[in-house]
1. Report the normalised scattering of the stretch 215-327 as log10 I(q)/I(0) at q = 0.14, 0.21 Å⁻¹, calculated by the Debye formula with identical scatterers on the alpha carbons.
2. Can you tell me the orientation of helix 312-325 relative to the chain, as the angle in degrees between its alpha-carbon axis and the longest Cα principal axis, to the nearest 10?
3. In degrees from 0 to 90, rounded to the nearest 10, what is the angle of the helix 173-182 Cα long axis to the longest principal axis of the chain?
4. Can you divide the C-alpha Rg of the chain by 2.2 N^0.38 Å and report the result to two decimal places?
5. Past the 14 angstrom mark, what percentage of all C-alpha to C-alpha distances in the stretch 67-114 do you count?
6. On a 0 to 90° scale, report how tilted helix 71-80 is relative to the longest principal axis of the chain, with both axes built from alpha carbons and the result rounded to the nearest 10.
7. Of all beta bridges DSSP finds with both residues in the chain, what is the antiparallel percent, to the nearest 5?
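Each value in this text was obtained by applying a stated rule to the coordinates, not by laboratory testing. Owing to the predicted nature of the structure, the values given are computational and were not obtained by experimental measurement.
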Ligand code: BEZ
């Protein structure tokens, strides 16, 4: 949002037709993660860095924990220009730009370090070029929320035990396809609703990353942790394309550099910390088992068959990147 002086300048811009001047801006950045989460901390750091780099001209107010709505709501706000910026799951983006669903090919990445290499590739970056046209947002780089695992109840020891279980998933198609293929009863639910649903027994289990299992103590409401690393879980730093169009080239470059660095730093944080969170979960009361691609029977093949039809080119591209970056 513009300051009063900036609004006056905006009026002048409207009259003179001179767009793209450097204006003092009070940006608003939304996310659904809670205040102590890695994404939220990175958003705060981005705000500080932007304020410093602009000599105090620009500020960023961070709205965590779904204060501005779910990601679907925030994406709409970005499109209209009512919201300036967001750090958002690629899951939400993939609901409207199908190619992004291919990041969720089960077992595309071996671990968090491999996921980070895929997300830092030129091919992954090139996919961001779709966003202004497809969604009315500008993507400035990828972060992540670690790898996905399954935390559940009922003394599950194999994939057959997941059959018919109500498993909370993040609401997006690629994840729905995977849990349908497993034979579970996938229950789409945004992150802020997960704790109550698990604690109240509204769902049997959850698809989740290690950080949040530890941070929000989901493990206290489950009996079995299945360490699977079955999907990567990318995040993207977004700016409203409408807001972007009103910025000077100098400000665009500054925001692009600083937000790109902030979300890339998130990748580094998960590379460094993901394994440690898993160790913490191993130290809790839950039964701890592991599951690889074979654990899920033919579910991964089923997923692949669907997506080879749905987004063949993007899938082939990311498979190539995954092979080239495998160590
Ligand atoms: C989730 O939906 O599980 C999720 C969303 C954002 C960050 C981490 C996890």
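1. The Cα Debye sum returns log10 ratios of -0.94, -1.21.
2. Around 80 degrees separate the two axes.
3. 0 degrees
4. It is 1.03.
5. Of all Cα-Cα pairs in the stretch 67-114, 57 percent lie more than 14 Å apart.
6. Taking the Cα atoms of the chain, the angle to 71-80 is about 20 degrees.
7. 55 percent
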